[in-house]
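The values are calculated or read from the model by the stated rules, or taken from the named source; none is laboratory data. No experiment lies behind these values; they were computed from the predicted model shown. Cβ coordinates were reconstructed from backbone atoms using ideal geometry, including for glycine residues, and neighbour counts include every protein chain displayed.
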Amino acid sequence: MKNTLIPIIGLEVHIELATKTKLFCTCSADHFSKKPNTQVCPICMGLPGALPYTNYEAVISTIKFGLAMGSTINLFSKFDRKHYFYPDLPKSYQISQYDLPFCVGGNFAGKRIRRVHLEEDTGKLVHETIDGVKSSLIDFNRSSVPLMEMVTEPDFHDIESIISFLKDVQLIVRYLGISNADMEKGSMRLEANISLANSEQVIANKLPNYRVELKNINSFKFLEKAASVEIKRQTEALEKGEELVQETRGYNEVKQSTFSQRSKADAHDYRYFPEADLPPIELSELIIKNLQLTIPELPEQKRVRFEKEYELSKDFANILVSDLDRANYFEEALRQAQSKFGQGATLSARTIADLMINRKLDQEFPEPAGLVKKIIELTSVAYSSNEEVENAVKSVLIENEKAVSDYQTGNGNVIGFLIGMTQKKLQGKGNPQIVREKLLEGIQK
Amino acid sequence: MAKLSKADVTHVARLAKLDLTDTEINKFLPQLSQILEHVGELGKVDTTDLTPTSQTAGLTNVLREDEVKPSSIDQNGALSGTNKTHNGYFKVDAILTERSDK
Amino acid sequence: MKIPLTIKETQDGLIKKEFSAVQLVDAYLERIKKYNEEYNIFLTTSDEIAYSKAKKFNDLDQYTEEFFKENPLAGVVVGYKDIFLTKGIRTTAGSKVLESYIPPYSATSVSRIENAGAIPIGKLNCDAWAHGSSGENSDFGPTKNPWNKEYVPGGSSSGSGAALAANMSLITTGTDTCGSIRLPANYCFSVAIKPTYGAVSRYGVIAMASSLDTVGPIGRTVEDVETVFNVIKGEDGYDGTVVNSKFEIRNSKLRVGIPKEFFTEGIDPEVEKTITLGIEVLKKEGIEFKEVALPSTKYAIDVYYVIQPAEVSSNLGRFDGIRYGNGRDSFGDEAKRRIMLGTYVLSAGYYDAYYLKAMKVRSKIISEVDKVFDEVDALIAPVAPTPPFKLGDKVSDPLTMYLTDVYAATANLCGIPSLALPSGFSKQGLPLGFQLMGSRFSEPALFELGKLYHKAIDYVPKVAF
């Protein structure tokens, strides 16, 4: 019998925080497409004698994110030095968190979170041939920009669920206002630890004895391709009875295959030790509670509220909530419309949502006020006037006496039929809500 | 404690990014062994229930506000320590090995 | 002109117009020119900057007491250990790696000293990266002790001690990771304070071992050292371990402990005798002495030789020759040795046995020392087991050299202040002295004791020639 192989995948998600300054110095953290080495100082350049000094906002952002992931916040946490040599790492160590990160544990979107910690980003390398010599160029603008790392448990078994999880994380981060988490701009980066478990291992709830770390994933597309190629490679190898080894692999886009970058034998020895230059962080339950209170309404809560409060369909609520700007636009447009027409106005939340989603009117009008104005124009043109509706309703009620009496004796369903008949008379131009109201008024008379 | 071997010295030199000559390795090996033996005395101290000390200032939560301040160095200042630069970048020989981590 | 030996003499001379600030600079530079080749004390002199600063003082109509209150170091010629970054002035850390490094910024302590009116005269030789007890590890050659040039001036702030003995500077700065301020002061007949860890910013001072490094002044009197300490202490927004403390004297009647572990085998009889005499002197002045026990301090040097190299290996990683300086092959033997040792004790499989263990024994030492400070205000101890030793005596044997610091380590491991005081000379004419350690932020109590002692022995500042 052929053994079924199940992918076991854990994620390491790096998110660059959108603080104004870097993690350990007061240089601007907004490094994207700036001239090289123009946003640097002795601290982020690792000059002799320079010392780090922690940015409050970066710490708070990480803790808020942890709270949103359902993590436990450590009451005592600290920074550590992680050592390795690479030209874009100016101090030869990265200030990170080892055994006492800000956040441990958690559960988000059905996946278990292992930890969330804060560390500094490295500089950036560009590879170029200069005067015929292959060279690497270094820019330290990104050096020491705050980078949050979330590590999940190996709870993923397919690529779709990874993408959906990441999109949820991206959304939460944007709702918290702590990062754009833009993969294309590198403010969200990903590593996936992939292995395959056979059915015995699955039954025994055991992890495979190897895992392959897939590095530097910088887009959802890349993730999809690289991970599926890697899963295929491992499947084929295991089916042939080959042993797989612990290693780090990269993805070659041209060859559409993964290649080994580093095996376990030359695994790194990071020589972590506590960062003596930075006093530890001590929190109280009270501080954490207060931080919890500063967390805004998150996507899931908003989704539920939109469905309940505005009677939006699940689809509509989902679409609006998946873009915080759009959700805010929607609520603002509704507020303005209601202040124009009064509560319970004919211009319903659903209409606004519909115009935004199906007719993309929010793209046409960057300001909600514009949309509201447009809706007024549209409704006056598109919908029949109240007088026309009243006339149509009157004749429908006369022409369909049986249906009316059925309704009065308790068959509520016939209202649909009456609405249909009225719309037919109005050539479909009746505002459904008004048609319904007028019909009910007429029947009750 | 295990005795320091020549292989240990070579391994440590690689970790520390030091290119040691054979002469240097042969010189350092007995010196490092002697020092390690001396500090190995610490193994005899009973440290049950003791928490490690990594700093003595006794401070916590030393944090600064998130406000940009002008840097004391501009691009020229940043690059002033070397002549191996190109268009505002630091220049090194092509790095062939992928970055090991982040 | 006769160069004044204290801040007070200098400023009195300026007030009385006995000499001008420019004449002072002339006089110091003349001595440096005359003797530096022989003693190898300065690595760089900053003549131009010194003169331009001195000229500013000449423009002043007259020096008033008021002016000196606002500028407590006005007219004071200062030399910096070459591990303090000085913007625009070469800073080498005594190493070939940085032999032509011109820093783009200055250390906090340097800026503070200069904002207080001091005149920077140059950069002082030291053991490369502050690794050493004798000054012999400098990549630019050893500094010789002005009291006898066959002998070491003590390290690692070797030039900082020697410059005072050779009368080449009025005050100097040093760093003390395990005696590197106190030892040169002790071997060169000077006064020095190794401050509480967290009292003075380390920003802009090339890091050796981050959890142990302290920055402090060396001078010829307790008053001078106190003045400079008051200028450089306090938060700067760049060193997160620094705190503005109240620096109080806790008791009106000061009590001093004699840790018996510091007076055992290996201590030179002359060193022991000068301390015994010191105790007698202070007793007569009404200071109470009692024997105390610090059993775990016998492990201090071992703890130090795990933690320090570990932090050294980390701090020296940034010198990769890419952004500044020369590559890693330019490190000298001692730096390589410590990088190797530190990398080893941190590496996988050894961390717990060495580094973690050392951090725990460090806690044990701290708790013993803390407890003793419930009973006494200060501890008296030798700075080093012997008076200055001969150049070359210990160079080939790193371990023996390391043991020079056996009495220095405790103050650094505990982050407590220690004042090194000169007491006299050995039969061979070499400087002798001792140290007074206090609890955290008790510098004022140590200064009081130091002044009391020097007054009682009619101490006068001396230079070797």
Inside segment B:23-51, can you point out the residues that are at the interface with chain C (Cβ under 8 Å from one of its Cβ atoms), within 30 Å of A:Glu282 (Cβ to Cβ) and not polar (S, T, N, Q)?
B:Leu42, B:Val45, B:Leu50
Going by the structure shown, is A:Gly70 part of a loop (DSSP other than H, G, I, E, B), over 14 Å from A:Ser144 (Cα atoms) and away from chain C (no Cβ under 14 Å)?
yes
Kindly indicate whether C:Lys298 is of a type outside the set (Ser, Thr, Tyr), out of contact with any Cys (no Cβ under 9 Å at 6 or more places or on another chain) and in a strand (DSSP E or B).
no
Which residue, of A:Glu224, A:Glu236, A:Glu242, is exposed (fewer than 13 other Cβ atoms within 10 Å of the Cβ), in a helix (DSSP H, G or I) and either modelled with pLDDT of 90 or more or aliphatic (A, V, I, L, M) (or both)?
A:Glu236
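Matching residues to (1) within 22 Å of C:Val303 (Cβ to Cβ); (2) in contact with a strand residue (DSSP E or B) (Cβ under 8 Å, 6 or more places away or on another chain); (3) assigned to a loop (DSSP other than H, G, I, E, B):
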site	(1), (2), (3)
C:Gly141	no, no, yes
C:Asn145	no, yes, yes
C:Lys149	no, no, yes
C:Asn167	no, no, yes
C:Cys178	yes, no, yes
State which residue is nearest to the chain's Cα centre (by Cα) when the search covers only segment A:6-22 and only residues that are in a loop (DSSP other than H, G, I, E, B) and not aliphatic (A, V, I, L, M).
A:Thr19
Name every residue in segment A:173-190 that is within 14 Å of chain B (Cβ to nearest Cβ) and surrounded by fewer than 20 Cβ atoms within 10 Å (Cβ to Cβ), in order of residue number.
A:Gly177, A:Gly186
Could you list, in sequence order, all residues of segment C:237-248 that are surrounded by fewer than 16 Cβ atoms within 10 Å (Cβ to Cβ) and either closer than 24 Å to C:Lys290 by Cα or of a type in the set (Gly, Ala, Ser) (or both)?
C:Gly237, C:Glu248
From the residues in segment B:59-74 that are more than 8 Å from chain C (Cβ to nearest Cβ) and surrounded by fewer than 17 Cβ atoms within 10 Å (Cβ to Cβ), which one is farthest from C:Thr410 (Cα to Cα)?
B:Asp74
Of the candidates C:Ile267, C:Ile301, C:Ile258, the one satisfying the condition of being within 24 Å of the chain's Cα centre (by Cα), away from chain A (no Cβ under 14 Å), buried (at least 21 other Cβ atoms within 10 Å of the Cβ) and aliphatic (A, V, I, L, M) is C:Ile301
If we scan segment A:54-67, do we find a residue that is more than 10 Å from chain B (Cβ to nearest Cβ), outside any loop (DSSP other than H, G, I, E, B) and of a type in the set (Asp, Glu)?
no
With the structure loaded, tell me whether B:Ser54 is more than 7 Å from chain C (Cβ to nearest Cβ) and hydroxyl-bearing (Ser, Thr, Tyr) or whether it fails that test.
no
Kindly indicate whether any position in segment B:42-54 is out of contact with any Cys (no Cβ under 6 Å at 6 or more places or on another chain), surrounded by 15 or more Cβ atoms within 10 Å (Cβ to Cβ), within 30 Å of A:Thr38 (Cα to Cα) and of a type outside the set (Phe, Trp, Tyr).
no
Farther than 26 Å from C:Thr6 by Cα, surrounded by fewer than 24 Cβ atoms within 10 Å (Cβ to Cβ) and not hydroxyl-bearing (Ser, Thr, Tyr): does that describe C:Glu114?
no
Some residue of segment A:196-206 being in a loop (DSSP other than H, G, I, E, B), assigned by TED's automatic domain parsing to the domain that holds A:Ala68, over 24 Å from A:Lys124 (Cα atoms) and of a type in the set (Asp, Glu):
no
Before we move on, is A:Met69 modelled with pLDDT of 95 or more, in contact with a Gly (Cβ under 6 Å, 6 or more places away or on another chain) and in the same structural domain as A:Leu244 (by TED's automatic domain parsing)?
yes
Wholly enclosed helices (runs of 4 or more DSSP H) of segment C:313-419 bearing at least 1 residues within 14 Å of chain A (Cβ to nearest Cβ):
C:333-346, C:357-372, C:409-414
Has segment C:220-236 got at least one residue that is more than 21 Å from C:Pro382 (Cβ to Cβ), within 11 Å of another protein chain (Cβ to nearest Cβ) and buried (at least 24 other Cβ atoms within 10 Å of the Cβ)?
no
Checked C:Ser252, C:Ser245 against criteria (away from chain A (no Cβ under 14 Å), farther than 30 Å from A:Ile281 by Cα, over 13 Å from the mean Cα position of the chain (by Cα) and not acidic (Asp, Glu)); the one match is C:Ser252
Qualifying position, being among the aromatic types (Phe, Trp, Tyr) and within 18 Å of A:Thr21 (Cα to Cα), among A:Phe140, A:Phe165:
A:Phe140
Looking only at residues in segment A:260-288 that are modelled with pLDDT of 90 or more and not in a loop (DSSP other than H, G, I, E, B), which one is farthest from A:Val212 (Cα to Cα)?
A:Leu286
Of all residues being more than 7 Å from every other protein chain (Cβ to nearest Cβ) and either within 22 Å of C:Ala209 (Cβ to Cβ) or among the aliphatic types (A, V, I, L, M) (or both) in segment A:26-46, which is nearest to the chain's Cα centre (by Cα)? Just the residue, please.
A:Ala29
Looking at segment A:159-166, can you tell me whether even one residue there is in a helix (DSSP H, G or I), of a type in the set (Asp, Glu) and within 18 Å of the chain's Cα centre (by Cα)?
yes
Six or more apart or on different chains, Cβ atoms under 6 Å: show the pairs whose first residue is in segment A:225-243 and in contact (Cβ under 8 Å) with a residue 60 or more places away in the chain and whose second is among the β-branched types (Val, Ile, Thr).
A:Ala227/A:Ile159
Got a sec? Which helices (runs of 4 or more DSSP H) wholly within segment A:356-445 have at least 2 residues that are assigned by TED's automatic domain parsing to the domain that holds A:Asn318 and closer than 19 Å to A:Gln338 by Cα?
A:361-364, A:368-382
So which residues in segment C:181-203 are outside any helix (DSSP H, G or I) and of a type in the set (D, E, K, R), if there are any at all?
C:Lys194, C:Arg202
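Yes/no per residue for (1) without any contact (Cβ under 8 Å) to a residue 40 or more places away in the chain; (2) among the aromatic types (Phe, Trp, Tyr); (3) closer than 16 Å to C:Gly132 by Cβ:
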{"position": "C:Lys371", "(1), (2), (3)": "yes, no, no"}
{"position": "C:Pro382", "(1), (2), (3)": "no, no, no"}
{"position": "C:Tyr402", "(1), (2), (3)": "no, yes, yes"}
{"position": "C:Ala409", "(1), (2), (3)": "no, no, yes"}
Is it the case that some residue within segment B:90-102 is buried (at least 20 other Cβ atoms within 10 Å of the Cβ), more than 7 Å from chain C (Cβ to nearest Cβ), at pLDDT below 95 and under 23 Å from the mean Cα position of the chain (by Cα)?
yes
